[in-house]
1. Quick check: pseudo-label points 7 Å beyond the Cα along Cα→Cβ at residue B:159 and residue B:51, how many nm apart are they?
2. With the alpha-carbon atoms as the only input, what is the per residue convex hull volume for the protein assembly as shown in Å³?
3. So what is the 222 nm mean residue ellipticity for chain B from helices alone, if each DSSP H run of at least 4 adds -39500 (n - 2.57) and you divide by all residues, rounding to the nearest 500 deg cm²/dmol?
4. Checking the a/c ratio against 1.5 first, then a/b against b/c, what shape does the Cα gyration tensor give for region B:154-204?
5. Each label point is 7 Å from the Cα along the Cα-to-Cβ direction; what then is the distance between the points at residue B:10 and residue A:109, in nm?
6. Looking at chain A as a GNM with Cα springs under 10 Å, which of A:162, A:128, A:144 has the largest mean-square fluctuation?
7. Å³ per residue of the Cα convex hull, for region B:1-102?
8. Quick one: check the C-alpha center-to-center distance for region A:190-217 versus region B:52-78, whole angstrom.
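Bear in mind these aren't lab numbers, they're just calculated from the coordinates by the rules spelled out. Predicted, not measured: the structure shown is a model, and the values here were computed from it. Positions of Cβ are generated from backbone atoms using ideal geometry, with glycine treated the same way; all protein chains shown enter the neighbour counts.
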């Protein structure tokens, strides 16, 4: 009974995600859905990502949180339009849905956006189940979280198209086996690109930014 | 419609939680439900907690994960019976329910347990909504996760009875404002006890262990 109803909720979500995806295609907007545990560094990564891209690339951001506008306030300083969604208005939802993204789109001039970044609610489980119409899903994993998260939360790593291993500036102070973490990612999703970065020192950012720019170029080509 | 069904699921859960709670009372078992983001150090904290308590206190552990038995394998070395629940058998559930706890109890000799520790699925959102019949809820927050998590995930901090601020050995290497974190906890849940600890160095453990022992003593008294 419960399973059937969850299936119905997901079907409705998929239909709206499909609509969002068509709109993004029509407008030539490349969309990433950034997911992670709370505190893995999503907002810090995105602050630095925007600082590398704007104004060369026209960006917009949708930020999901249960409560507060802390993240949107931080990102708004990067000269890109930002919409904050607080899911406590939607029953404290632990993830963003396609419908919530659709509602937020009216705040933007979609003809002027090349890259839409969605920062999902901090949660390594539920957001993986909800298609929002994105082109690529990106998971951020902080080295402070241990090596085993990919095998313990396999769905997230299975559905994502790229991973960022963040906070590598902390490696000297942790008993962290980076190769074990990379092997665990590879077990769940072989050949997924993994970018080793530090939002604090900006180490490793050039490859991540190049990957994003290549995706944006590809999307523009497809649109024509 | 959706809201009504979620309400029904929670009502069923509450009824089983009530049953669990009565059983724990009858047996004089003190039960804690330990929750946090993935990678905050739940298992490391519990390994060290068990090493302080066993054999003086008779302990048992239920560990929830979506996948793998990594955590149970680690905890089983601490001379306490451990049951691992993999929620991927329950549709990849992002939290433990009262029903799942009830099923796990048959693995233990309840007459021989003083403290039952439940390590919930790593998730700072959904587990907060499900009563499992516990006496106290404990949230673990790692200093590597930033200062703002209590205000961004307020329900978890509102429903918990104690907080552990973990990984304080990393403080010298982080731009972390500990007072801001403590103020944020206090904003959401004034006067909640907060234990500043490091599972790595065992700094701060004596107060946490004393708090637990006092809770166990109180529960035994009530049972008589």
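1. 3.2 nm
2. Cα-based convex hull of the protein assembly as shown, divided per residue, equals 137 Å³.
3. -12500 deg cm²/dmol
4. Taking the square roots of the gyration eigenvalues as a ≥ b ≥ c, region B:154-204 is oblate.
5. Roughly 4.3 nm, to one decimal.
6. It is A:144.
7. Working: hull volume 10.7 nm³, N = 102.
Cα convex hull per residue, to the nearest whole number: 105 Å³.
8. If you average the Cα positions of each part, the centres end up 38 Å apart.
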